[in-house]
Structure formats: C-alpha cells, structure tokens
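Before any comments, here is the structure.
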Ligand SMILES: Nc1ncnc2c1ncn2[C@@H]1O[C@H](COP(=O)(O)OP(=O)(O)OP(=O)(O)O)[C@@H](O)[C@H]1O
Ligand SMILES: [Mg+2]
C-alpha cells in the first residue's frame, strides 16, 4: 500500500473542467492558477493525481518545477522542458508516444512526428517562438497541450520571468481562438504565495489577466482516515479518534509531514493513563509553532537590523513598501538602538532574500515568503503585547 493518499475523482473532475469546459468554465482556458501554503501537497497532487488524469483524458502534459533549480532562469527551464517533449514526440516508440497511442487509440505517429523547425532553435532569439512550436504540436498531434509550471510565482520576480509569461500568453492566443483548432493550449501554474499567484490573474498589466485563480484543495479528513487506517494495520494502538486527529491536522496547517511528526510523538512518548485524544491537540499546538520558529530563528541569526527589516515587512498584511526609505531607517534605528544609515539596508535585505525569508513581489515591494511563518510571527507579537 502506497503512502500517498490519491484523489483520482477530484483530479478527474479538474481535468474535465480544463479540457472540456462547459460554458461556465470556459475561462479556465485562459489559464488556471492554484495557490496553497507550503508543504500542503501541491506538487504531490500534480504528479500523482492531476497529470495522470490529464493524460488519461488524452492531453500531452509538460511539467516544469521552477523551484527545482533556482539558479537557472524560469525561461530556460520552460524551454528545455518543451524541447524535451518535442524530442520525445520525434522519437519513434518513445514512452510518450506509447502513452498517447494507448489513450488515443490511433496510430499516433508511430515513426515519430516531424516538425518544421529545429529543436535547438526553440526559444532562441530569432528562432522558433514557444507559440510557433506549440501550435505545430497541437496541429500535428491533434490533442490538447497542458503546460504545468510549479511555483510559477518565481516567474514574476524578474523581467525575464515576465517575458516568459508573455510568451505563454502569446502561445495561448495563437492556438485557442482558432475555430477549428484540433486541441487547446492550457496553462496551469501553482504557487505557495496566495497574494502573488492571485496577482498574476488580477492585474491588468499581468500576462494572465482574466485567468482563473483558485485555492489548492487541501487534504482533509479523508486523508486523516487513510493515515489512521495505515497505523492501525501496522499495529499501533491506542490511536486518537478521527475527529480529534482531523482537528490536529487542521491546526498543523493541513501539512502531512507535520501530522506524521505529531502522531510519531504521540505513539513514542505515550504516558500511561493519558488518552491520545487528550494529548494530540497539545502536541499539535506545540509543533505548529516549532516549524515557524526554525524560520524565525534564521532571521534572528542574521542580526538585529535583519530582524527590524523583517518585522517591518511581516507587520504588513499585503505589500510592504518603503523598506529602504529614510523613515524606515529611522524606525530601524529605534529598534536596533543605534543610528542605521540608509545604505546599510540593502545588503541586509539581500541576505533575507537569499535565505528565502522574504521575497520581492515587484519593484520596491516585499513580502514574507511563507505566509504560515508570518501568521506565527503575528501570534507572537500579540502575545508579547499582552505582557
Ligand atoms: N496525498 C498525499 N498523501 C500522503 N502524503 C502526502 C500527500 N501530499 C503530500 N504529502 C506529503 O507532504 C509533503 C509535502 O508535499 P509536497 O511537496 O507535494 O507539497 P508542496 O505543497 O508542493 O510543497 P512545497 O511548498 O515545498 O512545494 C511531502 O512529504 C509529501 O510526501
Ligand atoms: Mg511543491
């Protein structure tokens, strides 16, 4: 039995909405953005549920994770994923062609497809654009092409990333509006920063204005039941009730790893006479802040100015601006207890950026990378104020 709890029905419905949208869902063709907190299972869902469901429905899926390699630019990562797919399509009896053949039944280019451009020129300046390459794929393979970009928010922090989004929009606009198109180009992006992902679809100047942005459907009580069943089969007892365990899972931000950690503590450090249902909520509440504490500790280690900058950013719910201003320097001076010069701010902010504690959301706009960490930070501030 696998350790992954699968959600085939949910995935099938999403695939259906994306590939065969009804009149009401047709906006999904403009792009779908899924946002959900870190470590809640977005990538697992894409790889184990959504991609298989899309492939089962006959789509050609290209998957790129922008977090897999933060040294390489988003544009390069997408280009190389597209090139790899094109190469598979050209290669007789490649596993991709076999898969297409199984689903579509037809004699899917048994000898490999032939494209009217050179692979190495795709995405190269003056070469073949993504729009041109993908149009040819849709027309020859006669199927939908779904490009999934995991952690797409990384693409809006740079100009080059922005170019990428524009190139994808161009591909969509080249393929989808044709009345007799044999397939569509569907773009799916995920990200852990709700506000940033929504921004991609909300702002008029963003490439994907008008696309749909929905929250990633987090795992729920069904996953908890699956987990408890596994533990029961493995002979662990006594176990908490489903109700209390589900509540603990919610407390832990619906994060499977944290839940497993909590259950491990429950089982290994059991005190006789205390019922699991009484102790699990306590463990969950403690663990909840431990995860964030590790991140907050990193801020502390960067020094008092880093702490002051982080505090300023974390205290704002949305976009934090003006962190390099003269006023900001005065604020920092107060909390650090010495005069902070404006030119000292940038290098320290860069350290926070490099540690992935804060992120740049636009020109002069910053935010805390992990919203969960920010939430815990706020809870602590409220506590501090009470004393
Ligand atoms: N359906 C599931 N069943 C069992 N475990 C799961 C499931 N989904 C996620 N997990 C576990 O939770 C952890 C986080 O999953 P995953 O990496 O997919 O999340 P993510 O939201 O993509 O995280 P990140 O923010 O780091 O990209 C992993 O250890 C994974 O094995
Ligand atoms: Mg992920």
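Starting from the stretch 210-234, take each residue that is within 16 Å of residue 262 (Cβ to Cβ) and list its partners that are within 13 Å of ligand 1 (Cβ to nearest atom) and assigned to a helix (DSSP H, G or I), counting only C-beta distances under 6 angstrom and pairs at least six apart or across chains.
From the stretch 210-234, the pairs are 224/249.
Are any of the residues in the stretch 344-354 in contact (Cβ under 8 Å) with a residue 40 or more places away in the chain, closer than 21 Å to residue 291 by Cβ and surrounded by 11 or more Cβ atoms within 10 Å (Cβ to Cβ)?
Scanning the stretch 344-354, I find at least one residue that is in contact (Cβ under 8 Å) with a residue 40 or more places away in the chain, closer than 21 Å to residue 291 by Cβ and surrounded by 11 or more Cβ atoms within 10 Å (Cβ to Cβ), so the answer is yes.
Could you say which residue among 152, 145, 138, 124 is over 28 Å from residue 92 (Cα atoms) and either assigned by TED's automatic domain parsing to the domain that holds residue 80 or without any contact (Cβ under 8 Å) to a residue 40 or more places away in the chain (or both)?
Only one candidate passes the filter, namely 152.
Just to verify a result, which residue in the stretch 252-265, among those that are surrounded by 18 or more Cβ atoms within 10 Å (Cβ to Cβ) and part of a helix (DSSP H, G or I), is nearest to ligand 1 (Cβ to nearest atom)?
256
Just a yes or no: is a residue in the stretch 85-105 in contact with a strand residue (DSSP E or B) (Cβ under 6 Å, 6 or more places away or on another chain) and either at pLDDT below 90 or crowded, with 19+ Cβ neighbours inside 10 Å (or both)?
Checked against the condition, which is being in contact with a strand residue (DSSP E or B) (Cβ under 6 Å, 6 or more places away or on another chain) and either at pLDDT below 90 or crowded, with 19+ Cβ neighbours inside 10 Å (or both), the stretch 85-105 yields at least one hit.
Just one of 332, 366 is assigned to a strand (DSSP E or B) and touching a helix residue (DSSP H, G or I) at 6+ places or on another chain (Cβ under 8 Å); which is it?
366
Can you find, within the stretch 8-37, the residue that is nearest to residue 187 (Cα to Cα) among those that are buried (at least 17 other Cβ atoms within 10 Å of the Cβ) and within 13 Å of ligand 1 (Cβ to nearest atom)?
Top of the filtered list is 34.
Here are the criteria: (1) assigned to a loop (DSSP other than H, G, I, E, B); (2) loosely packed, with under 15 Cβ neighbours inside 10 Å; (3) in contact (Cβ under 8 Å) with a residue 24 or more places away in the chain. Tell me which single one residue 113 does not satisfy.
(2)
Residue by residue through the stretch 71-85, note down the ones that are within 16 Å of ligand 1 (Cβ to nearest atom) and out of contact with any helix residue (DSSP H, G or I) (no Cβ under 7 Å at 6 or more places or on another chain).
Within the stretch 71-85, 77 is the sole residue that qualifies.
Any idea which residue in the stretch 209-238 is surrounded by the most Cβ atoms within 10 Å (Cβ to Cβ), counting only those that are within 30 Å of residue 162 (Cα to Cα) and within 13 Å of ligand 1 (Cβ to nearest atom)?
216
For the stretch 61-68, state whether one or more residues are at pLDDT 90 or above and away from ligand 1 (no atom under 16 Å from the Cβ).
Within the stretch 61-68, one or more residues are at pLDDT 90 or above and away from ligand 1 (no atom under 16 Å from the Cβ).
Please go through the stretch 118-128 and pick out each residue that is surrounded by 19 or more Cβ atoms within 10 Å (Cβ to Cβ) and out of contact with any strand residue (DSSP E or B) (no Cβ under 6 Å at 6 or more places or on another chain).
Listed by number, the list holds a single entry, 123.
Being within 16 Å of ligand 1 (Cβ to nearest atom), surrounded by 15 or more Cβ atoms within 10 Å (Cβ to Cβ) and under 30 Å from residue 40 (Cβ atoms) narrows it down to one of 152, 145, so name that one.
None of the others qualify; the one that does is 152.
A quick yes/no check of all residues on (1) assigned by TED's automatic domain parsing to the domain that holds residue 50; (2) in contact with a helix residue (DSSP H, G or I) (Cβ under 8 Å, 6 or more places away or on another chain):
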{"site": "199", "(1), (2)": "yes, yes"}
{"site": "208", "(1), (2)": "yes, yes"}
{"site": "222", "(1), (2)": "no, no"}
{"site": "231", "(1), (2)": "no, yes"}
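The values are calculated or read from the model by the stated rules, or taken from the named source; none is laboratory data. As the structure is a prediction and not an experimental result, all values here were calculated from the model. Cβ coordinates were reconstructed from backbone atoms using ideal geometry, including for glycine residues, and neighbour counts include every protein chain displayed.
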